[in-house]
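Novice: Pasting a structure here, questions to come.
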Amino acid sequence: MLYLQQLVFAAVLFTAIWRFSKKAGVISRNIHLGKAQNRSDNPGARRSNMLRVAFGQSKMQARPVAGILHFIVYAAFLIINIEVLEIIVDGLFGTHRFFAPFLGSAYPVIIGFFEILAVLTVVAVVIFWWRRNVAKLDRFTKPEMKGWAFTDANNILYIEVALMFALLNMNAVESLLADGHEAFIISNSIAPLWSGLSEGTPHLLERGFWWVHIVGILAFLNYLPYSKHFHIILAFPNTYYANLMAKGKFENNAAVTKEVALMMDPTADPFAAPAPDAEAPVERFGVKDATDLSWINLMNAYTCTECGRCTSECPANLTGKKLSPRKIMMDTRDRIEEIGQNMDANGGTFQEDGKSLLGDYITPEEIWACTSCNACVQACPVDIDPLNIIMKLRNYATMEESSAPSELNAMMTNVENNGAPWPFSQMDRANWTNE
C-alpha cells in the first residue's frame, strides 16, 4: 500500500511539474516574441533593486494596511514552502515528517510558527476579500476588473484559505494519533473537533488532509500561469531588469536619433546614404502591435498584479479620462497571448488576423490622455512601466499614421517649419519687441 501511494504521489508531482513547465515555456516564448533590449548593465544595482523591491516588498509599504497584510501572505508563502518540501520528500520516499528526527525538540516549535503564519494568512485573506467584495474599493471596481479579472482575484483568496485549513487540520488530526506531535500550537486547539472518531479514522483523515494540501498546492502551481498571480514568479526577474534610469528620462527613437545626428554633421553627405536593402524588414517607428514592443515590455505585462495602484494614482484616470495604466498592461498581455495562440494553431507561424494592439485593444483616446507624469511607474510595487508602452504607441500614431491630436500636429509642424511651437517665422519672432 505504501509503495502504491509513493507511485501515485510521484505521478501527480511530476505531472504537475510537467504541465506547469509547459505553460511557463509558452509564456517565455511569448515574452521573447518582443524585440531585443539590453538590460545587462550595472548588475550590482539590479540585484539590489530586486532584493529591495521584490524580496523586501519595499514599495508595497507605501500603503501600510495592504502592505502589511500582503507581507504576511508573502512570508507564509515563502516559509510554509519548507513544510511543502518535507511533504514532497515524505511522499516520494514513504517517510513521515522527514525533518523531525534531525530537528528534535525544535521541530514542533518550527511547525507551530508555520501554523501561526497560516492563521495570520487566513485573517489577511478575509480582510482582502472584504476590501474587494464588500467595501469595494474604487481601484477594484474599474471597468477592466469585470469578468475574469474579478473572478481570478477571488479564486486565489479561496484557494489560499483552503490550503491553510488543510494544513491546520492535517496537524490537528495527527495530534490525536499515538505518534503525533502534541506541541503544535494552533492545531492542538482544533484537535478536539476530531475527537471521538472510531479507530483508524484519524489516520485516514490525516492522510486525506495531507493529500488535499499537497494536491491543492500542485493545482495552485498550475493555476498560476493563467492568473495574475504569476507575478509570484516573475516579480524577481522583472525588478532585476527594471529601468534604473531617472523617471523623467525617456528613450530616444534610435532611427530618429541617427537621422538627427546625420543632419547635424556638417561633413555628412546626405546623398551618400547606402541603397536600402530590399530583403531587410521595413523598420517601424514606434509600436502598433504587441510584437513591436520589447521583451521587457511583455514581461512587464505578464508580471502585472492587477492591484490597481497605478490607476488609482493616475491623474488622467482620476479626472474621468478613459486611460487606466493597469488596463494598458492587461491589454498588452491579452494581445500577446492571442498572438501566441495564433502561432500555436498555425504551426509556429503567425497568420495575420487583422488586429493590432493599438486600435483593437488600446484606443487613441487612452494613449493621448496620458500626462507622462510617471505616477503609475512610481506606484507599481513590482517596477512595471506602463508609460514606456504608451509612449511607443504614441510614437507610431504620430510618425506612421500622423494621427496625433490636431493641436499637437500643428505644434510639430511649427517646430519643423519655424523652429518653435508658435506660428511665426524666425524672421518675425522678435517683432513683438517693436510694440
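Novice: Kindly indicate whether any position in segment 214-232 is buried (at least 17 other Cβ atoms within 10 Å of the Cβ), in a loop (DSSP other than H, G, I, E, B) and in contact (Cβ under 8 Å) with a residue 24 or more places away in the chain.
Specialist: Taking every residue of segment 214-232 in turn, at least one turns out to be buried (at least 17 other Cβ atoms within 10 Å of the Cβ), in a loop (DSSP other than H, G, I, E, B) and in contact (Cβ under 8 Å) with a residue 24 or more places away in the chain.
Novice: For segment 27-58, enumerate the residues that are among the β-branched types (Val, Ile, Thr) and over 16 Å from the mean Cα position of the chain (by Cα). Break it down into steps so the answer makes sense when it comes.
Specialist: So in segment 27-58, the residues among the β-branched types (Val, Ile, Thr) come out as 27, 31, 53.
None - no residue of segment 27-58 is among the β-branched types (Val, Ile, Thr) and over 16 Å from the mean Cα position of the chain (by Cα), so the list stays empty.
Novice: Please indicate, with yes or no, whether at least one residue in segment 353-375 is more than 26 Å from Ala254 (Cβ to Cβ), surrounded by 17 or more Cβ atoms within 10 Å (Cβ to Cβ) and in contact (Cβ under 8 Å) with a residue 12 or more places away in the chain.
Specialist: Within segment 353-375, one or more residues are more than 26 Å from Ala254 (Cβ to Cβ), surrounded by 17 or more Cβ atoms within 10 Å (Cβ to Cβ) and in contact (Cβ under 8 Å) with a residue 12 or more places away in the chain.
Novice: Taking Val287 as the residue in question, decide whether it is at pLDDT 75 or above, under 41 Å from the mean Cα position of the chain (by Cα) and over 30 Å from Asn300 (Cα atoms). Explain how you work it out, then say what you get.
Specialist: On the way: at pLDDT 75 or above: yes; under 41 Å from the mean Cα position of the chain (by Cα): yes; over 30 Å from Asn300 (Cα atoms): no.
No, not satisfied.
Novice: Let me ask something else. Tell me the residue from Arg52, Arg97 that is in a helix (DSSP H, G or I), in the same structural domain as Ala172 (by TED's automatic domain parsing), out of contact with any Leu (no Cβ under 7 Å at 6 or more places or on another chain) and not hydroxyl-bearing (Ser, Thr, Tyr), please. Explain how you work it out, then say what you get.
Specialist: Working: Arg97 fails: in a helix (DSSP H, G or I).
The unique qualifying residue is Arg52.
Novice: Then there's this: Across segment 397-422, which residue is nearest to Ala290 (Cα to Cα) among those that are in contact with a Ser or Thr (Cβ under 9 Å, 6 or more places away or on another chain) and assigned to a helix (DSSP H, G or I)?
Specialist: Ala397
Novice: Ok, one more. Among (1) over 32 Å from the mean Cα position of the chain (by Cα); (2) of a type outside the set (Val, Ile, Thr); (3) closer than 17 Å to Leu167 by Cα, which single condition is Glu86 missing?
Specialist: Unmet for Glu86, out of (1) over 32 Å from the mean Cα position of the chain (by Cα); (2) of a type outside the set (Val, Ile, Thr); (3) closer than 17 Å to Leu167 by Cα: (1).
Novice: Taking into account only those residues within segment 103-148 that are basic (Lys, Arg) and assigned to a helix (DSSP H, G or I), which is farthest from Asn188 (Cα to Cα)? If you could, list the steps in order and put the result at the bottom.
Specialist: To start, the set of residues in segment 103-148 that are basic (Lys, Arg) comprises 131-132, 136, 139, 142, 146.
Filter again for assigned to a helix (DSSP H, G or I), leaving 131-132, 139.
Details: Arg131: 31, Arg132: 32, Arg139: 40 Å.
Going through the qualifying residues, I end up with Arg139.
Novice: A follow-up question, please. Filter segment 47-67 down to the residues that are touching a helix residue (DSSP H, G or I) at 6+ places or on another chain (Cβ under 8 Å) and surrounded by fewer than 18 Cβ atoms within 10 Å (Cβ to Cβ) and list them by number. Spell out the reasoning first.
Specialist: Filtering segment 47-67 down to residues touching a helix residue (DSSP H, G or I) at 6+ places or on another chain (Cβ under 8 Å) leaves 47, 49-50, 52-55, 57-63, 66-67.
Scanning segment 47-67 gives Arg47, Arg52, Phe55, Ser58, Gln61, Ala62, Arg63, Gly67.
Novice: Can we say Phe128 is in the same structural domain as Ala11 (by TED's automatic domain parsing), within 21 Å of the chain's Cα centre (by Cα) and surrounded by 12 or more Cβ atoms within 10 Å (Cβ to Cβ)?
Specialist: Details: in the same structural domain as Ala11 (by TED's automatic domain parsing): yes; within 21 Å of the chain's Cα centre (by Cα): yes; surrounded by 12 or more Cβ atoms within 10 Å (Cβ to Cβ): yes.
It is true that Phe128 is in the same structural domain as Ala11 (by TED's automatic domain parsing), within 21 Å of the chain's Cα centre (by Cα) and surrounded by 12 or more Cβ atoms within 10 Å (Cβ to Cβ).
Novice: Taking into account only those residues within segment 1-41 that are under 23 Å from Met329 (Cα atoms) and among the small types (Gly, Ala, Ser), which is surrounded by the most Cβ atoms within 10 Å (Cβ to Cβ)?
Specialist: Gly34
The values are calculated or read from the model by the stated rules, or taken from the named source; none is laboratory data. Small disclaimer: the values here were computed from a predicted structure and weren't measured. Ideal geometry is used to build each Cβ from the backbone, glycine not excepted, and the neighbour counts take in all protein chains shown.
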